[in-house]
Structure formats: structure tokens, C-alpha cells
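Since the structure comes first, as C-alpha cells, the remarks are kept for the end.
Read-outs: derived from the displayed coordinates by stated rules, not from any lab. As the structure is a computational prediction, the values presented were derived from the model and not from experiment. Positions of Cβ are backbone-derived with ideal geometry, glycine not excepted, and every protein chain shown enters the neighbour counts.
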Ligand SMILES: Nc1nc2c(c(=O)[nH]1)N[C@H]1C(S)=C(S)[C@@H](COP(=O)(O)OP(=O)(O)OC[C@H]3O[C@@H](n4cnc5c(=O)[nH]c(N)nc54)[C@H](O)[C@@H]3O)O[C@H]1N2
Ligand SMILES: Nc1nc2c(c(=O)[nH]1)N[C@H]1C(S)=C(S)[C@@H](COP(=O)(O)OP(=O)(O)OC[C@H]3O[C@@H](n4cnc5c(=O)[nH]c(N)nc54)[C@H](O)[C@@H]3O)O[C@H]1N2
Ligand SMILES: [Mo]
């Protein structure tokens, strides 16, 4: 980030929530970088901006698509980059259409798309057909021009509330100041159009040639201290570690898994199975593939959906490690009801947080218990967990640096590191299953699980990094892992391969930076293969030479016949030069090898003729898909103060699964009853659900209670002064908090009408040293159809003096 000339910070308040990131932004600013901030509120980040724009929550896609249209109309794109490194020239199926808010292939009954018409035209060899020039209306670029032409600056302004001149100023500044970097976090993701908003970012950056260069790119600022590490390790239901697709119910064996997932994953899934089942995993038994749990491919098991399942009584037992769902889940009544249906809740936490004592919550007005402990079966077991400095291990940051730390203190009392708790549970389970001949118990009995009597986190990291299974030695590097014959190497998470190869590289603390580009390649280890800037082939011209003398990342060295550089080269093969197809590729992880302006349906490596044996082909790599469309489209939030002016009949995202699992509390409100938009945000002084920070007296003194932040206009309209108590209500619940009357939020003009935003922090609950009402009584549990992220950042509410 220190190399950036222009930042678009939209959907992140990094000055308050990511202060370390802010340090590099400030460094770039000292070198003259421009900062643009887009937020519904004037934040501390906004106070550092050259341009600040106030946006209506959930309306970013309207102004972003207007910027895309502006880039296309004024030919501000990097033509060489677009031609060589994106799918702009790929021709799209003649069946592809977009009419009145719906893409082709919509099934209204199931609210799902069939992706077939979003495919490329294929030639006789099953390869994508290319257009002659960007003017071909059938090619991706032609589709872009058509799709985005509706988004004039005025349309963008009417929907988003950002004046047209300001959208133009943002576009001109960002396009004319390269390399530019886009930063986002929850302001963009917590919407039912979250994924598509980030698609708009990707399209802007690909058009401007802003991917793969020092100071360019899209920075997802990760949240929880180790959320990058936990998604790397498959905290998502549809992943295995290293972002391998998780098996689904129709994958009857390893072959059918590969038919669906692609041969590109064969090495990684096999080495993962070797890591988990050791010598029990053999070629003959499909490397124990069928020991893996499988999920129903038609179902979504993300957080909100899990609570839906809990409400239907599907779970008997829940292991809850390090989350305080009673405070953090939207429309949180579903959590209380779900917990009350369990037989047993095991919770490992540092404090006795709200979730661990859900049965103690009282109705704030009547004082009555909200669930009657006499009438429910849930047995609650609280395991005291050691805190971050009381245990060794790694934390992975937003830049994919895997950073090792040692334990600094002994855990207090009976507290134990999570690894010890899980290790203990595993060994107890194994004891219980001992002697069983039931095939369903084999995964427990045959697992390779040996991290020592007092489990050693370094042994876990070594298993993740990988072994040569023929010698039992650690694999030195990612290259060694990739060279090993399939089945002879193990790695618990292939992207981390080599992290402990030559000693514990995650523990390195050499902060020298010879290139002065902030690469710090001898500080910790970044995945994959210690590459610091992904897609860095994009920093070179077609001859493999750096485009920017001041930001030289990698280059092709003809004398050495290899890619050399200040950074590790992100190329398919270090010895394949720019005159080979591999040496031209910037996006080796995409099946096309290029950046995807249009997320077409495509599977590389499938021959046109069926195989002689009649078995389905195993292709190489399938393309990722967005469930709601191959191009980003603006849809209103599920609860909106207005109607979609582009296509009133399809106002909100038509593919959003509408939760409907707890009668009475999943209601949706209308703008007549709930005329204002609520957005929720984090505070400097508290962390997330507040389980820790509300138990720290100094922080409670600084930030004692939640509040509702409203504009001066709204305060006047409802007759409220700063400090008055107000009641904020939605179709799902209500809370009473103090009013904060502010200039930070302004009345916006949306589709010709005044629109008010109300901002609320969300870190309070009924327990702790500083209890307070929970904002998630109000929020909506509608989720993004691809990511499953809830629409925490907008729902409709009403407000009145309490
Ligand atoms: N002090 C502190 N630091 C934290 C946390 C904390 O609770 N406290 N939480 C951590 C975690 S888990 C995470 S995920 C991150 C979160 O980091 P951020 O994403 O920065 O957190 P938020 O404050 O939720 O949201 C960011 C901004 O988005 C704005 N916003 C809301 N709706 C919209 C919209 O529709 N469009 C745009 N452009 N902006 C919008 C909000 O007003 C807010 O200023 O922070 C991490 N760091
Ligand atoms: N309205 C609204 N709701 C939101 C959001 C929002 O912006 N608005 N943001 C969402 C986001 S981004 C997130 S990440 C979630 C967070 O939601 P949660 O994950 O439920 O919230 P946290 O408070 O981070 O919970 C972490 C818990 O782990 C405990 N803990 C800390 N260290 C350890 C440890 O080493 N071991 C164990 N076992 N426990 C530990 C802490 O005491 C704490 O109770 O909330 C979401 N909810
Ligand atoms: Mo988060």
C-alpha cells in the first residue's frame, strides 16, 4: 500500500478498525498519494481524505457501475492490459441476455440461475472463440459496454446519493492517478449484493491495469485477528483447507470429485488426505476420500443458515469455539431459539459471554426470562480458553503473511489453548471408538493425529507445510511439493507448503527491505511460496520487463532463462519465458489464465469428443461463478426506502434466499412503517461482540454504551436532542439507546426524495461489566446468495423519543 498513488477506500473505516493498514496509507500520503473515501458516515478515515463522498448504505454498485461506464465511454482503460490480460475478447454465448433486472436462465420458483447461457462460445476443440477486436458486440467487452451504458453519472447519483459531479471527480482522480488501490471491508460485503460490489471493483481494476503492480490491487482488509488464517484453513463450509472445494453428496469417489472440481486439485486433495490419514491413505482406497464429510450440494451452510438448521431442531450438540453468536448474528432471536433446542452446548471462550448464558437473558421491559430454563433441555458446558498471548501458533494477516508467535504467559487457572482442548476431545473420542468395526468410525480410528502429549503447535504447522511421505522428512519448498509424484507427499494446506520447510520461516523477523517496496521477504512467510504481491506478472510488459522503473517487482532474465526479481514470481513456471503461453499469463489460477471481466461459465481442459471408456472427462479447472449474475447489477437492499429505478419489478436481488424459519421474528418491514435506513458499524473502543472489551473497565469508561447516530434534520423532525433516549425499532425487534445528533451523517437525496441514515454500533449484550442493548435485535437475516454474508449494513427502522 505504501506504493499507491491513489486510494479508493470505500466500505472500510481503516483508521479505526485497521490502524496498522492505516500506517501504510499515511506513508503513501506523505509521498503525495491521494485518498478518496466513500462511506455513509464521516469517519476518522474520511477525515484523512482528499475527496469524501457520502453514500446511501447498500447503493455503492450504482456509483461504481457509473464509474465503469465512464471509463468505457471515455476510453480511460489500459488497452494493452485489457487485450492481453483479461477475457475482454472472449465471445459470449448468443443465448446470454439481460432484461429488466434478470439475467438469462432465471428459475423463479427456486430463485436460482442456470448458468448455461453465461458461457463462452466454443470452437471445434472446445476452446473459447475470440473476437477480432473490442468492437465486436458478442465479446465480453461488447457485453460490458451494453450492460453498463444504463449507468450514467446521473443514474448513479440518483440511486447512491453521491452528486454526479462528485462521481465524476472520483472517476477522474482514480483513473488518472495510477497505480491505484481499492480498500474494502464490511461496508461493501455486508449486503445481499456484497459479492457483486467487489466484482465492480475487480472490473474497474482490470480495466485500469491496476492488478499485479506494487501499489495496485484490491485489498480486502480482514477482520478478526486471524480470519485470514481461519479461511485459509477452511472456516467456510464449502471449502477444505487451501480453498479446495469441499466434497458434496454426489461425489461418490475421488474420481467424481475430480470430474466436478478439476484435475488441478488432484495433487492438493491427495496430499491433504495423506496429511490426515497418513499410511492409511493409499491409491487403492482412494486415499480415504470417503472418510471426508460431504455436504448437500443444493444447500447453504453459512452462519445464518446454520441457525436456521438449529431452529428446525437438526442439531443435538453444538461446539462453539471463539464466537459470541447471541450478540453477533443478525435478527439474533434465531440464536436464542436455536440454542434452546439443543441437548448440549459446549462453549470455549475467555469469558462467560452472552452465548454461554443465553438462558439468563431477560426482557428489558417486563424483566421476564426470555427462555425458561425449566422448559429446555440444553446442557451448557463452558470450557475456559487460553487467550492469544497464552498460546503459541500463527496468525495470518490480510497480506497472507503467516506470522509465528510463542506463548508469553501461562494460561490462568484451568484455561487451556484451543489446540489442547481439541486434542483432548480427539483422544477421548478415539478411546470411545476403540475396537469398533463399524465403517463409520474409521475416520476417527484411522486419522493420523500426533502432536505430542502436550500438543505442540509447531507440529501442526509442519503437518500443514508438508512431508515427503517416503522419507518422513519435511518438504523444503512449495516447488518440492509441486514436483513430488502425487501420493508421495503430504500437506495439510497446500498454499502453506514450505512454511516450515527450511526451519520455521513463519518465525523470521528480519525487517530489511532492500527493494524499498515494502516487500520484507525475510519477515515471516507469505503464501504461496513467499510471494508478496499476487499476480505480479502484471507488473511487466509482454517482453517480461518491468513497466514501472520505480516499482520493479519481477522480470524475465533471458541470460539465466528464468523469472527473477525483488519478489517471488507469480507465474506458472519460472523457466517459461514471455515467448511461451505460460510466460504471458498473469492469472494462472483462472481457467482462462486471464482476469475475468465477465464471470463466464467455463471448464478448461475438457476435450470436444467423449472419451472411449464412456467415463466423464476430468477437466483441468472450473471457473468460479457468482450465483446472481456474470456482471454486477444494482439491486436495492431487501428492505429499502425506495424502489429500484432501473427495473422496479425486480427491485432487490432476485436470488437472495429469504429466511423464513421462525414465525413472527423474520418479518420484513415496509418503508411506510419503517422509513429510515439503519447501518451498523464498529467502534475503536470495543471489539466485535464485546465479550472481551466490555470486561475491560478502561474501555467501558471511554465508550460506556451503545447509541443511535442521527442527522440534525432527523433529530429536529422527531424532536430529539443529543443525549435523549430513543427507541429504534424494526420489523424484528426494538432497542432503547441514547441519541447522538451528528454532522457525520447527512440527509441524502435518493430518487428525488430525502433519505435518512441511522448509524449504530453493535458491540453490546446483556452480560459483562457493561451490559447494553444488542443492535442485532433489529438487523435482517437476509444473506448474499454467493457468500452467505448477512445484510448487516442496511435494514429499515423507525425511531422515536423513548
Ligand atoms: N476497534 C475495532 N477494530 C476492529 C473490529 C472492532 O470491532 N473494533 N472488528 C474487526 C472485524 S471482525 C472486522 S470484520 C473489521 C471491520 O472493519 P470495517 O469494515 O472497517 O468495519 P465497520 O465499521 O463495520 O464498517 C466500515 C465502514 O463501512 C461503512 N458502511 C456501512 N454501509 C456502507 C455501504 O453501504 N457502503 C459503504 N461504502 N460503506 C458503508 C460504515 O459506516 C463504516 O464506517 O474490523 C476489525 N477491527
Ligand atoms: N450488526 C452487526 N453484526 C455483526 C457485524 C456488523 O458489522 N454489524 N460484523 C460481523 C463480523 S465481521 C464478525 S467477524 C462477527 C463476529 O462475531 P463473533 O465471532 O461472534 O464475535 P467476537 O466478539 O469476535 O467473538 C469472539 C469470541 O471469542 C473469544 N475468544 C477470544 N480469543 C479466544 C481464543 O483464543 N479461544 C477461544 N476459544 N475464544 C476466544 C472472545 O472472548 C469472544 O467472545 O460479527 C458479525 N456481526
Ligand atoms: Mo469480521
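Of all DSSP beta bridges confined to the chain, the antiparallel ones make up roughly 50%. For region 496-562, the convex hull drawn through the C-alpha positions has a volume of 108 cubic angstrom per residue.
Restricting attention to region 232-365, close to 25% of DSSP beta bridges with both partner residues there are antiparallel.
Each label point was placed 7 Å from the Cα along the Cα-to-Cβ direction; for residue 114 and residue 684 their separation is 5.6 nm.
Compare the peptides 21-31, 529-539 by average per-residue count of other Cβ atoms within 10 angstrom and give them in order, highest first. Intermediate results must be reported in sequence, preceding the final value.
Working: 21-31: 16.6, 529-539: 23.3.
Those peptides, ordered most packed to least, come out 529-539, 21-31.
Sequence gap at least 6, Cα distance under 8 Å: using those rules, report the relative contact order of region 6-224 to the nearest whole percent. About 28 percent, as a whole number. Across the chain, C-alpha contacts under 8 Å between residues 6 or more apart give a mean separation that, scaled by the residue count, equals a relative contact order of 16 percent. Kirkwood hydrodynamic radius of region 585-625, from the reciprocal of the average inverse Cα-Cα distance over all distinct pairs: 11.4 Å.
Does region 145-208 come out rounded, prolate or oblate by the C-alpha gyration tensor, with a ≥ b ≥ c the root eigenvalues, rounded set by a/c under 1.5 and, if not, prolate when a/b is larger than b/c and oblate if not? In terms of gyration-tensor shape, rounded. Each semi-axis of the equivalent ellipsoid for region 6-224 is √(5λ) with λ an eigenvalue of the Cα gyration tensor; in descending order they amount to 31, 20, 16 Å.
Put simply, the Cα atoms of region 1-67 extend 31, 23, 15 Å along their principal axes, the longest span coming first. Stretching residue 549 away from residue 727 to a fully extended chain increases their span by 58.2 nm, per 0.36 nm per residue minus the current alpha-carbon distance.
Per residue and in Å³, how big is the convex hull formed by the alpha-carbon atoms of the chain?
About 175 Å³ per residue, rounded to a whole number.
First measure r as the distance between the Cβ atoms of residue 363 and residue 749, then evaluate 1/(1 + (r/R0)^6) with R0 = 51 Å and state the FRET efficiency to the nearest 0.05. Plugging the Cβ-Cβ distance into 1/(1 + (r/R0)^6) gives 0.80.
For region 86-195, what's the relative contact order in percent, using C-alpha pairs closer than 8 Å and at least 6 residues apart? Don't jump to the answer; show the numbers that get you there.
On the way: 102 pairs, mean separation 23.5, N = 110.
Taking the mean separation of contacting Cα pairs over the length of region 86-195, I get 21 percent.
Each peptide in 305-311, 628-634 was scored by the mean count of other Cβ atoms within 10 Å over its residues; highest first, the order is 628-634, 305-311.
Calculated FRET efficiency, residue 658 to residue 309, Cβ-Cβ distance, R0 = 22 Å: about 0.85 to the nearest 0.05.
Report the paramagnetic label zone for residue 75: residues of region 141-169 whose backbone N is under 20 Å from a point 7 Å from Cα along the Cα-to-Cβ axis. Only 141-149 fall inside the zone, counting backbone N under 20 Å.
Of the peptides 274-280, 455-461, 96-102, 3-9, how do they stack up when ordered by the mean number of other Cβ atoms within 10 Å, highest first? Before the final figure, lay out the partial values.
Working: 274-280: 20.0, 455-461: 17.7, 96-102: 15.1, 3-9: 25.9.
My ranking of the peptides, most packed first, is 3-9, 274-280, 455-461, 96-102.
Region 227-250 and region 369-432 have Cα centres separated by 20 Å.
By how many nm would the segment from residue 255 to residue 448 grow when fully extended, if each residue of separation counts as 0.36 nm and the alpha-carbon distance is taken off? Kindly include the intermediate steps, with their values, before the conclusion.
Values: separation 193, 0.36 × 193 = 69.48 nm, distance 2.34 nm.
Taking 0.36 nm per residue and subtracting the Cα distance, the gain is 67.1 nm.
Taking a temperature of 4 °C and a viscosity of 1.567 mPa s, what whole-number D in µm²/s does Stokes-Einstein yield for region 648-801 with Rh from Kirkwood over alpha carbon pairs? Translational D for this selection: 78 µm²/s.
How large is Rg over Rh for region 79-203, taking Rg from the Cα atoms and Rh as the Kirkwood inverse mean of 1/r across Cα pairs? If you can, show how the numbers build up before the last one.
Numbers: Rg = 17.0 Å, Rh = 17.1 Å.
Looking at region 79-203, the ratio lands at 0.99.
Could you give the alpha-carbon Rg of region 327-464 over 2.2 N^0.38 Å, rounded to two decimals? Write out the running numbers ahead of the final one.
Working: Rg = 19.2 Å, N = 138, 2.2 N^0.38 = 14.3 Å.
Taking the Cα Rg and dividing by 2.2 N^0.38 Å, one obtains 1.34.
Would you mind getting me the FRET efficiency between residue 434 and residue 561? Use the beta-carbon distance for r and R0 = 56 Å, nearest 0.05.
On the way: r = 57 Å, r/R0 = 1.02.
That pair, residue 434 with residue 561, gives E of 0.50.
Arrange the following residues from fewest to most other Cβ atoms within 10 Å of their Cβ: 390, 709, 132. Mind showing how you got there, number by number?
On the way: 390 17, 709 20, 132 8.
So the ranking, lowest neighbour count to highest, is 132, 390, 709.
Distance from the alpha carbon centroid of region 785-802 to that of region 121-159 works out to 34 angstrom. Spatially, region 268-308 and region 474-507 are offset by 20 Å when compared through their Cα centroids.
Dividing the convex hull volume of the alpha-carbon atoms in region 587-668 by its residue count gives 188 Å³ per residue. Antiparallel beta bridges, as assigned by DSSP with both residues in region 6-224, represent about 35 percent of the total such bridges. Extension gain, residue 44-residue 97: 0.36 nm per intervening residue step, less the Cα-Cα distance, totals 14.8 nm.
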